[in-house]
Every structure is written in C-alpha cells, then in structure tokens.
Amino acid sequence: MIFSRTAFKSAVATIVALTLFGAASTYAQDAETLRPASEIEAIGDERERSLAAYEEVAKVVTHPRCMNCHPRDSSPRQGMDMAMHQPPVVRGVDDFGAPAMRCATCHGNENVSYVGSEGSIPGHDPWHVAPLSMGWIGLSKGAICEQLKDPERNGDRTMAEIHEHMAEDGLVGWAWNPGEGREPAPGTQDVFGQLTKLWIDNGAHCPTS
C-alpha cells in the first residue's frame, strides 16, 4: 500500500503523541512578557540601556522554544523541560539530521496537529538545529551574549545581520507560533527584534553572568 506524505506524517504524529513535547506543564501557561523598547529607551546611561535591552532579549534566547534547537551536542531537545528528542535523532553533518532520519522526515512546512490527541508536530521550511558553534544549552546569559557578537560563533554574521536574523527569520519566528500544546516564547518577534536592535545600537554590552 502506498501512503501519501500527509498520511505518513499523520501516522507518525499518532505514534509519538504520548511522548513528544509532553512537559509543557513545567512552565506557567502565561508566557513571560517582554518590556517594550520604548520603556528601556528612557534609561539615561547607554551601557545600562544596552544591558536592560539584552535582559529582555535573554528571556527569549534562554526560553526552551529557542534553546531546544541550540544544543551544544548532537541532539536537539524538546518540551519545556528540554528533554532529549524522541524518537532519538542527531544533527548530522549539515544540521538537518542523519541521512536515514532527516529533520524533514517528520517536520513538514507547517505545524501538524496530532490525530486523536492534543498536541502537534512542529513544522517550518526549513527545519533544522542551529550549527554546533551556535550551541547555547548550558551557557549563561552573558556567555550567549558574547557568542552572538562573535562572527566565528554566530554564523559569520555582522551585528546588523544578527538583528535581521532575530527580527525577520521565519524559523526564529516559529518560537511564537509553536503549535498546539506548546508555550510560545515571551512577547512577539516584532518586540524581540526591536529589543535586539536597541541592545546593538547602544553598544551590544553583555552581562557578566
């Protein structure tokens, strides 16, 4: 019997429904909000403005919606408790999965609701983990901040390109549209982008921890 791609994904969704992203209750249902950039702009000292903006940025980059796709090893995480991905997968040489288990095998162009139960399989085109050099899990807010500024560890991006990535990239934006059963990242991508720009425009200062 030949199954369509949609039918295959629905079958996979049914199989993993009981294990995939099962720890959403670890965090409060109401996502932490972000201070608006306009409020932080009122801070008189440039360094303090930058650090205050980054504190808000850090609420997003340290949230499981982002952290899960920024592992410092070969395995993406899932759920609010950042558990190991189930079924077990690895990043592969190109960050899109192993040859026999590509990310796109289960993750399509959009979120797909489970069949017969609550929840969904996340989706976006493309779907992949961040490069190993951009791993965040286990790092402090300050260490992530320094990494974001380092072209050798941020995907060879300028600070303007970092802002563009944060503010406009669709895969980053998925964090605010994660599908049924998942807590979104704090705030919105638009506010996140404004805060990122404010952090950069005021010196891109980093906290010490």
Which labelled figure in (1) 45, 42, 31; (2) 49, 41, 31; (3) 67, 35, 26 is Cα extents along the principal axes in Å, once derived from the coordinates: (3)
Local electrostatic count, residue 134, Cβ distance below 15 Å [Lys/Arg +1, Asp/Glu -1]: -3
Value of [θ]222 nm, deg cm²/dmol, for the chain, DSSP H segments ≥ 4, -39500 (n - 2.57) each, nearest 500: -9500 deg cm²/dmol
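Among 139, 51, which comes first, then next, by fewest other beta-carbon atoms within 10 Å?
By the 10 Å Cβ count, ascending: 139, 51.
Pulled fully out, how much extra length does the chain show between residue 48 and residue 133, if you take 0.36 nm times their separation in residues and subtract their Cα-Cα distance?
Details: separation 85, 0.36 × 85 = 30.60 nm, distance 2.85 nm.
Length gained between residue 48 and residue 133: 27.8 nm.
How do 136, 176 line up, fewest other C-beta atoms within 10 Å first?
On the way: 136 21, 176 18.
Placing the least packed residue first, the sequence is 176, 136.
If you add up the charges near residue 74, with Lys and Arg at +1 and Asp and Glu at -1, over every other residue whose beta carbon is less than 13 angstrom from its beta carbon, what do you get?
Details: positive: 72, 77, 91; negative: 73, 94, 95.
Combined, the nearby Lys, Arg, Asp and Glu give 0.
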Just want the answer: with Cβ charges of +1 for Lys and Arg and -1 for Asp and Glu, which residue in 207, 167, 184 is farthest toward the dipole's positive end in the stretch 153-209? 207
Take the alpha carbon gyration tensor of the stretch 97-153, find the square roots of its eigenvalues, order them as a ≥ b ≥ c, and report rounded if a/c is under 1.5; if not, report prolate when a/b exceeds b/c, else oblate. prolate
Lys, Arg +1 and Asp, Glu -1 on Cβ, resulting dipole of the chain about Cα centre, debye, nearest 20: 740 debye
What is the sum of charges, Lys and Arg at +1 and Asp and Glu at -1, for the other residues whose Cβ falls under 12 Å from the Cβ of residue 195? -2
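Values in this text are rule-based calculations from the coordinates and carry no lab data. Every value quoted in this text rests on a predicted model; they were computed, and no experiment measured them. No Cβ is skipped: glycine too gets one built from the backbone with ideal geometry, and neighbour counts run over all protein chains shown.
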